[in-house]
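Novice: Please read through the structure below; I'll follow up with questions.
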Amino acid sequence: MQRRILGRIVGTALLLCALPAVVAADEGQALPRLTVRGEAVIEVPADQLRMDIGVVTDGQTAQAALDSNTAAMERVVEALAAAGLSEAEYRTGQFQIQPQWAPRPRDAPPDWRPRIAGYTVTNRLSIKTTKIDLAGRLIGATSSAGANTIDAIAFDLADPRRHRAAAIAAAAANAIADATALAQASAVRLVRIISLSLDEASAIPRPMRAMALREGMAMDMAAAEPPISPGDVTVRAGVSVVYEIGLPE
C-alpha cells in the first residue's frame, strides 16, 4: 500500500545548559543536554468504511410503530445482502422506542395532564467493512429499501497500528536528523540518549457529513448512487529525544 510523507515540522532543539570547559563527570552536576522533537504526517489510502444506517418510524401505538419499523428494516437488511455485505459486517447499533408527548395547549385547564400522542421507533445498523467501494451502492440501495437516516460515515484504516509504527519511525528519524545537524552546527558531540518519549501517534479517520433522508429523497438516491471518494487517512506521530552532549573528542 502506498504511503506519502507530506512533510514534517522541523524538530525544536533546546540547549538546556551551557557546556563547561571540561564536561564534568560528577553525579551531582547536571549533564549538558540537548532536547529535540520530531514530527511526521503520513497520508495512507483508506481501507475501511464505517457508517450507520437506520430506520425511524412513527405510529399512534408502540406496536404500530414497531411493525412499520420491522418491515422496513427487513427490507434494508435484504438490500445490504444484495449489495454484497455479509452478516459479519454489520450489527445493531441502536434500538429504542420513545413516546411522543402531546404539546400543552395554550389555554390548558388546571387539571390538564401530559398524554402520549404516539410512539417513535428507531433501529440503526452499524456497518464496518473493508469493501469501501460499496459506499455509494449501500447508500442508494438501503435508502430505496426504507432507510431514512445515514450517520457516522467515515473512512478509516483496518490496521491503524501498522501505519502508526511507520509514522513513529519517520518522526524518530526526523528528531535524530535534527539533533545531528544541531550538534554539528554547535560543535558538540551527541554522547547518548537519556530519554525517548512518544508524544502522540494517531490515525485520524476521514468523516463525512451525516445524511437525514427526506421524503422522496430516497428514490432520487436509489436512481443514481451518490459518488463517494474514500480519500486518505491522516496518520500523525511525534517523539521527543533528550541527548547527553559533550565536547568533541
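Novice: What number of residues within region 150-170 satisfy the criterion of being out of contact with any Lys or Arg (no Cβ under 7 Å at 6 or more places or on another chain), surrounded by fewer than 20 Cβ atoms within 10 Å (Cβ to Cβ) and closer than 16 Å to Pro226 by Cβ?
Specialist: Selection size over region 150-170: 1.
Novice: Tell me, which residue of region 72-116 that is among the small types (Gly, Ala, Ser) and free of Cβ contacts under 8 Å to residues at least 40 places away in the same chain is nearest to Val56 (Cα to Cα)?
Specialist: Step by step, filter region 72-116, then rank; the result is Ala102.
Novice: Report whether or not Arg75 is of a type in the set (Lys, Arg) and in a strand (DSSP E or B). Walk me through how you get there before you give the answer.
Specialist: Values: of a type in the set (Lys, Arg): yes; in a strand (DSSP E or B): no.
The answer is no for Arg75.
For every residue, the table says whether it meets (1) assigned to a strand (DSSP E or B); (2) modelled with pLDDT of 85 or more; (3) touching a strand residue (DSSP E or B) at 6+ places or on another chain (Cβ under 6 Å); (4) farther than 30 Å from Lys128 by Cα.
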residue	(1), (2), (3), (4)
Cys17	no, no, no, yes
Gly28	no, no, no, yes
Thr35	yes, yes, yes, yes
Glu39	yes, yes, yes, yes
Glu43	yes, yes, yes, no
Ile53	yes, yes, yes, no
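Novice: Given the condition closer than 21 Å to Thr61 by Cβ, touching a residue at least 60 places away in the same chain (Cβ under 8 Å) and surrounded by 13 or more Cβ atoms within 10 Å (Cβ to Cβ), answer yes or no: does some residue in region 135-146 qualify?
Specialist: Within region 135-146 (the criterion being closer than 21 Å to Thr61 by Cβ, touching a residue at least 60 places away in the same chain (Cβ under 8 Å) and surrounded by 13 or more Cβ atoms within 10 Å (Cβ to Cβ)), the answer is yes, since at least one residue qualifies.
Novice: Would you kindly identify the strands (runs of 3 or more DSSP E) lying entirely within region 101-215 that contain at least 1 residues that are at pLDDT below 90?
Specialist: Numbers: elements: 116-129, 149-156, 189-204.
Fully inside region 101-215 and qualifying: 149-156, 189-204.
Novice: I'd like to know if region 89-97 contains one or more residues that are assigned to a helix (DSSP H, G or I) and out of contact with any Phe, Trp or Tyr (no Cβ under 7 Å at 6 or more places or on another chain).
Specialist: Checking region 89-97: at least one residue is assigned to a helix (DSSP H, G or I) and out of contact with any Phe, Trp or Tyr (no Cβ under 7 Å at 6 or more places or on another chain).
The values are calculated or read from the model by the stated rules, or taken from the named source; none is laboratory data. Being a predicted model, the structure only gives us computed values, none of them experimental. Cβ coordinates were reconstructed from backbone atoms using ideal geometry, including for glycine residues, and neighbour counts include every protein chain displayed.
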